[in-house]
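Only one structure is covered here, and it is reproduced in the block below.
Any read-out appearing in this document is the output of simple, stated calculations on the displayed coordinates, not a laboratory observation. Since the model is a prediction, treat every value here as computed from it, not as a measurement. Using ideal geometry, Cβ is built from the backbone for each residue, glycine included, and neighbour counts are taken over all protein chains shown.
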Amino acid sequence: MVVEQYAGRLPDDPELIREIPGIGEYTAGAILSIAFGRPIPLVDGNVARVLARLFLLRGDYRGSARKRFWDRAAALVRACRAPLHPGSSIRADGVGREGLHTAVAGM
């Protein structure tokens, strides 16, 4: 599919990349933030634990509370002031260590 539809290059658009079979929200976020430097959130167990503690979120981040966790992660990525540079001190979830404190304090 990637070869046929995208000339062998992964698209850097969140909606397009999720059309590729086997690429869900988490994988799309990882690819887009690491490979393309896009400010795209992703939530795994570690990120969910941090979000739960910072923002008192409750519930299963993979189930009933999924939207709350992903929405909070997206808001945090938008609020983060640190520039995104793949391979620098930016985590795969798009949050720069330098800007995390500022972003959380501003929420």
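A few comments on the model shown:
- Each residue of region 43-50 is assigned a 3J(HN,Hα), and the resulting list reads 10, 10, x, 5, 4, 4, 5, 5 Hz, derived from the Karplus form 6.51 cos²θ - 1.76 cosθ + 1.60 (θ = phi - 60°), x at Gly and Pro.
- The fewest-to-most ranking of Arg72, Arg78, Arg58, Arg66 by surrounding Cβ atoms within 10 Å reads Arg58, Arg78, Arg66, Arg72.
- Scalar couplings 3J(HN,Hα) for region 71-79, obtained by applying the Karplus form with A = 6.51, B = -1.76, C = 1.60 to θ = phi - 60°, are 5, 5, 4, 5, 5, 5, 4, 5, 7 Hz; x denotes Gly and Pro.
- Principal axis analysis of the Cα atoms in region 1-65 yields extents of 44, 23, 15 Å, listed in decreasing size.
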